[in-house]
Amino acid sequence: MALGVRLAAREELATRPGRDTLLTVGLRWLLIAVSLAFLAALLLAPLATVFVTAFSHGLGAYLDTFDDPDTRSAIRLTLVSAAVVVPLNTLFGLAASWCIAKFEFRGKSFLLTLIDLPLAVSPVISGMLFVLLFGLQGWFGHWLQDHNISIIFALPGIIIAEMFVTFPYVARELIPLMQQLGNDEEEAAITMGAGAWMTFFRVTLPKVRWGLIYGVILCNARAMGEFGAVSVVSGHIRGLTDTMPLHIEILYNEYNFVGAFAVASLLTLLAVLTLVIKTSVERTGYKRR
Amino acid sequence: MPAERFRQPSVLPGFGLTFGFTTFFLSALVLLPLAALALMAGSMHWSDFVRVVLSARALGSYRLSFGASFLAATTNLAFGFVIAWTLVRYQFPGRKAVDALIDMPFALPTAVSGIALTSVFAANGWIGRYLAAFGIQVAYTWIGVTVALTLIGMPFMVRTLQPAIAEVQRDLEDAAETLGAGRLYVFRRIVLPTVLPAMLTGFTLAFARAVGEYGSVIFIAGNLPMKTEITPLLIVIHLQEFDYRGAAALGSVMLVISFVVLLTINLIHSWGRRRLVATAH
């Protein structure tokens, strides 16, 4: 009898909203299991396979990859091009976000559309745009050849392609952040007699620094990892115009899997580092959008 | 009547400098190259243009690129919803780590995800060997292309859906349940209408990203003409043969089709908004 009462009470409880029933608990665990299985197959397995294959012939074989002069030159080229691209794009991101977030002017949405464009265009088309301009059959091809300047199949082309693909990242982090924070403090600083640069460095920059850091890190990761656009403009000259992602392709197509995945493991670590920095930036209270 | 000002007055300095730098940068890096593309495609005779963009090989590549992108975005619609729902509504150990991991395809270089997916889904790979036992070949077929495009689009779907699911009012759901509505009815009438715009946006973003994707696809695709050759690869092949006009023609067709798809989905989107507002009254 007591049992019957308790069961009835439990049944009554179960019909209340927000209560756990067998159905809701079962559904919850089913959905969690489906999510984790999907991510494990599509994300974790590929990530794990990078390191497992890279070390499949032991640490020695892994390290041997980095003794190869071509691999070293690919790493050097990746670092050099990122060292040019990231500061320039940071400068652009700061200028564009100041101009767009602090002022109201005509044609602002057009500028915003242009900034978003590289994110919507295929990387292959991004690279092709510069081949059409600077390639031998391109608009400036003959002029460049007459003046002995090489852009396509050389370092300048790689830098320009990486710049095109990654310039939105800093700007897109900073613009919403600056808009959200408003202009009051800057206006107060200016009206009280602070100079323009002082206002920027002492008022604006400290407010947006976490967004700026994340934008720069993301821009760097994308620049170092860019494949499609760089592949179109670089010409794949081994030891000369091969960046790390292109070198991965070459090693992979030569069936040198240990080498390909060893180089890939460095870029994977870079991506993991980027995500760690993003997560810790968000923990400081700064949220994207 | 005074002419409308180009810019509203502000006490803040630096407009001239930052506006000048921004427009110069964008003109040199974006507008000039786009003009080069338009001129290059426009300088072709129309019959040559048609011959390139409607060749059997090109048509085959559109079918794969747009078809696989559509399938991948649809897959993401289902799994992306489940993942976003799980991350927003449920507490489980490791939730924060899983949430951080969602952005991985966005940060990981496409060449790395390409070779890694290929080795996992190849016939002797960790997952591919079990699928091969059922006679399903993933790597070097259109299924492999779809798998790669699903991975690439996943963060866009999940990140668009998360805030929308968080916005669903739980007291509405509870109220509906006390009034006797079943879970499915609550889902269909309360949850779905709220997240539908986000689902469409996520679908659009995932689809648009997938259509242009190159690096992660070419390793797993097999790249056989007419069968497993995506349009971006066909553009690369034209460029390698120094056929700049053909490449520009294909590139402009891709840009136009993507633009039309985006426009259509935006129209559906705004129609959905209007319908939602109309039913609310």
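The alpha carbons of the range A:204-267 stretch over 50, 25, 17 Å along the principal axes, in descending order. Helix screen, chain B: DSSP H segments with Cα axial length of 20 Å or more and mean Kyte-Doolittle hydropathy at least 0.0 are B:56-89, B:142-167, B:192-212, B:244-280. Roughly how many Å is it from the Cα centre of the range A:94-157 to that of the range B:199-249, as a whole number? The distance from the Cα centre of the range A:94-157 to that of the range B:199-249 comes to 20 Å.
Using DSSP to call loops (not H, G, I, E or B), can you name the trypsin sites (Lys or Arg not before Pro) in the range B:1-88 whose Cβ has at most 12 other Cβ atoms within 10 angstrom?
Working: sites: B:Arg5, B:Arg7, B:Arg51, B:Arg57, B:Arg63; in loops: B:Arg5.
Loop-located and lightly packed - B:Arg5.
Between B:Ala166, B:Ala35, B:Ala210, the Gaussian network model of chain B with springs among Cα atoms under 10 angstrom shows the greatest mean-square fluctuation at B:Ala35.
Treat every Asp and Glu Cβ in the protein assembly as shown as -1 and every Lys and Arg Cβ as +1, leave all other atoms uncharged, and give the resulting dipole magnitude about the Cα centre to the nearest 20 debye.
Working: 41 positive and 34 negative charges, 314 e Å.
Value, rounded to 20: 1500 debye.
Could you work out the relative contact order of the range B:64-280, using alpha carbon pairs under 8 angstrom and six or more residues apart, expressed as a whole percent? Worked out over the range B:64-280, it gives 28 percent.
Taking other residues whose beta carbon is less than 14 angstrom from the beta carbon of A:Val272, and scoring Lys, Arg as +1 and Asp, Glu as -1, yields 0. Among residues other than A:Leu205 with Cβ under 15 Å from its Cβ, the summed charge is +1 (Lys and Arg +1, Asp and Glu -1).
For the range B:149-252, which GluC sites (Glu not before Pro) pass both filters: DSSP loop (anything but H, G, I, E, B) and at most 10 other C-beta atoms within 10 Å? Working shown, then result.
On the way: sites: B:Glu167, B:Glu173, B:Glu177, B:Glu213, B:Glu229, B:Glu241; in loops: B:Glu213, B:Glu229, B:Glu241.
When the GluC sites (Glu not before Pro) of the range B:149-252 are filtered for loop state and at most 10 Cβ neighbours within 10 Å, B:Glu241 remain.
Simple rule: put +1 on each Lys or Arg Cβ and -1 on each Asp or Glu Cβ in the protein assembly as shown, find the dipole, and look at A:Leu136, B:Tyr62, A:Ser234; the Cα lying farthest toward the positive end is B:Tyr62. Taking a ≥ b ≥ c as the square roots of the eigenvalues of the alpha-carbon gyration tensor, the range B:64-280 is classed oblate because a/c is 1.5 or more while a/b is no larger than b/c. Here A:Ser265, B:Ser55 are placed in order of increasing Cβ neighbour count within 10 Å, fewest first, which gives B:Ser55, A:Ser265.
Rounded, prolate or oblate for the protein assembly as shown? Axes are the square roots of the Cα gyration tensor eigenvalues, ordered a ≥ b ≥ c, and the cut-off for rounded is a/c under 1.5. Display every interim value, and only then the final one.
Details: a/c = 1.61, a/b = 1.20, b/c = 1.34.
Cα axes put the protein assembly as shown in the oblate bin.
Counting Lys and Arg as +1 and Asp and Glu as -1, each charge on the Cβ, what is the dipole of the range A:133-238 about the Cα centre in debye, to the nearest 20? Dipole about the Cα centre, nearest 20: 300 debye. Between helix A:205-225 and chain A there is an angle of about 70 degrees, using the helix long axis and the longest principal axis of the Cα atoms.
Please work out whether chain A counts as rounded, prolate or oblate from its C-alpha gyration tensor, where a ≥ b ≥ c are the square roots of the eigenvalues and a/c under 1.5 means rounded, while otherwise a/b larger than b/c means prolate and anything else oblate?
Numbers: a/c = 2.45, a/b = 1.28, b/c = 1.91.
Oblate, because a/c is 1.5 or more while a/b does not exceed b/c.
Out of the range B:150-240, which trypsin sites (Lys or Arg not before Pro) are coil in DSSP terms and have no more than 15 other C-beta atoms within 10 Å? Walk me through the numbers on the way to the answer.
On the way: sites: B:Arg159, B:Arg170, B:Arg183, B:Arg188, B:Arg189, B:Arg209, B:Lys227; in loops: B:Lys227.
Answer by residue number: B:Lys227.
Using a 10 angstrom Cβ neighbour count of at most 13 plus a DSSP loop assignment to flag exposed chymotrypsin sites (Phe, Trp or Tyr not before Pro), which longest range of chain A is free of such sites?
On the way: sites that count: A:Phe66, A:Tyr255.
The segment A:67-254 is the longest one with no such site.
Each helix, a run of at least 4 DSSP H residues, gives -39500 (n - 2.57); summed and divided by the residues of the protein assembly as shown, these come to -24000 deg cm²/dmol at 222 nm.
Only four residue types carry charge here, +1 at the Cβ of Lys and Arg and -1 at the Cβ of Asp and Glu. Report the dipole size of the range A:62-283 about the Cα centre in Debye, rounded to the nearest 20. Can you show the working numbers first?
On the way: 13 positive and 18 negative charges, 105 e Å.
The dipole magnitude comes to about 500 debye.
The alpha carbons of the range A:20-109 stretch over 57, 53, 16 Å along the principal axes, in descending order.
Rule-based calculations on the coordinates, nothing more; no lab input. The model shown is predicted, which means the values in this text are computed figures rather than measured ones. Glycine gets a Cβ as well: all are built from the backbone with ideal geometry, and neighbour counts include every protein chain shown.
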